Amino acid sequence: MAMALMTALTLWGNHPWLTRVYQYRPAPGQFVNTMPVCRVGESADSVLARCRASICGRIDTTSQMFHGQLITRIDTVWAEGMVTLGGYGGYVVVGFDHPVVNSHSWDFDIWGNAFYSNQSSSGGSCEPGIVMVGVDADGDGMPSDADKWYELAGSEYSHPTTQHDYSITYYRPDEAKQRTPSLIDPSLVDTTYIRWTSNDINPDSTSGYISRNSFHQQPYWPLWLQQEQSMTFSGTKLRCNAINLGGSGNNAYFLLSYFDWGYVDNLPNNPARIPQEGSMYNPGFKIDWAVDAQGRHVNLSHIDFIKVYNAVNQYCGWIGETSTEVAGGIDFHPDAVLPVALPGDVNGDSEVNLSDVNALIDLILARNYDSVADVNADGEVNLSDVNALIDLILQ
């Protein structure tokens, strides 16, 4: 009997969910070492693996014979877990198995666990995290300081109380020291647990403590970073968004208001996992919101890495520090194709003309390297690129 010829057919495209966790460095907080779980002596690589299991999608594969062909079906499944970022500045760096192409619309979403209060329409538990996007400038497939990073400017970017050069340092606590419980709130078992100092523009908040509460009494300092005596984080700090609607001590009712748009864990996730403007849900993020360190808009064809960090330094009594949580993410257009770059199109308007010369000169004066500005492809952006661009225009 003749044997049927069997071939394998794989149904596959780019993975829509997050697939990579490159870095995880939470600031101290009440859910640190529990979300994800970390054990004493565990390595940083092991913790990263736990983060991936919590927030990255997985691939399920099933195979069956169909008319002499072996059909392999590959399904992508969302993990449905979370990681905490701890206090202000704590961050996670994630990515997909492909670059996220700029669709000039809603490009991707990063989920949190924000929810609305039943006592107010202005918020509930909203713990905003800022999104940074990175382009793999050195081509090594890993995020680093050599890559180009840009902030996605959300609704509060230009607010007068937003501090763009904020820096905070946390100091590792002595776990054996005598605790200082609160006389007002019995749930706070140590109000001088983890000390911090900052360069806040408000003199009354240049130092303080992360308290330890009775609900979470494990160490709040990352167990895999026990050799570090301090941790410093820098970035943009948003204004505090919590108010006490009534009560004192462990009866206080804190409302954390949401900001209009542009932050992780700021609005509830859309259960349909699609962009939905003008709704009660977070619609996602646009690469077109990217700005450089000077606050100038940049044109990005795609991004390779995503960094989320807690953007608020705020402590709310018995409910603890305001802490962004990350619960996965999606690329809305996972199979989008990177556009073919037009040589000399520095400003990204699909034309090469004198406006690109002006854009190129601005980049040179700002010492802002962008691969599209390297017109002569010599690895540098300088006046020789201006000459090369003029030659292109005159052709």
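The values are calculated or read from the model by the stated rules, or taken from the named source; none is laboratory data. These numbers come from a predicted model, not from an experiment. Cβ atoms come from the backbone with ideal geometry, glycine included; neighbour counts cover every protein chain shown.
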- request: Please specify each residue of segment 110-143 satisfying the condition of being in a strand (DSSP E or B) and either among the polar types (S, T, N, Q) or out of contact with any strand residue (DSSP E or B) (no Cβ under 8 Å at 6 or more places or on another chain) (or both).
  value: S125
query: Considering segment 83-99 alone, what residues qualify as being farther than 19 Å from L255 by Cα and either over 14 Å from the mean Cα position of the chain (by Cα) or modelled with pLDDT under 95 (or both)?
result: D97, H98, P99
field: Which listed residue is touching a helix residue (DSSP H, G or I) at 6+ places or on another chain (Cβ under 6 Å) and assigned by TED's automatic domain parsing to the domain that holds Y88, from L255, L267, L363, L300
entry: L300
query: Is there a residue in segment 227-239 that is at pLDDT below 95 and either farther than 30 Å from Q294 by Cβ or out of contact with any Lys or Arg (no Cβ under 8 Å at 6 or more places or on another chain) (or both)?
result: yes
field: Matching residues in segment 244-257 - criterion: being without any contact (Cβ under 8 Å) to a residue 60 or more places away in the chain and either within 20 Å of I303 (Cα to Cα) or assigned to a loop (DSSP other than H, G, I, E, B) (or both)
entry: G246, G247
message: Can you pull out every residue in segment 303-354 that is part of a loop (DSSP other than H, G, I, E, B), buried (at least 19 other Cβ atoms within 10 Å of the Cβ) and of a type in the set (S, T, N, Q)?
response: N313, Q314, T322, S323, T324, N347
- request: Tell me which residues, restricted to segment 136-166, are under 23 Å from Y22 (Cα atoms), crowded, with 16+ Cβ neighbours inside 10 Å and in contact with a Ser or Thr (Cβ under 8 Å, 6 or more places away or on another chain).
  value: E151
message: If the requirement is being at pLDDT below 95 and of a type outside the set (D, E, K, R), which of these qualifies: V264, V312, V298?
response: V298
statement: Here the residues within segment 225-275 that are acidic (D, E) and more than 19 Å from the chain's Cα centre (by Cα) are E228
- prompt: Just one of D304, D288, D260 is in contact with a His (Cβ under 8 Å, 6 or more places away or on another chain) and in contact (Cβ under 8 Å) with a residue 24 or more places away in the chain; which is it?
  reply: D288
Single condition P181 does not satisfy, out of (1) more than 28 Å from G41 (Cα to Cα); (2) modelled with pLDDT of 95 or more; (3) within 27 Å of the chain's Cα centre (by Cα): (3)
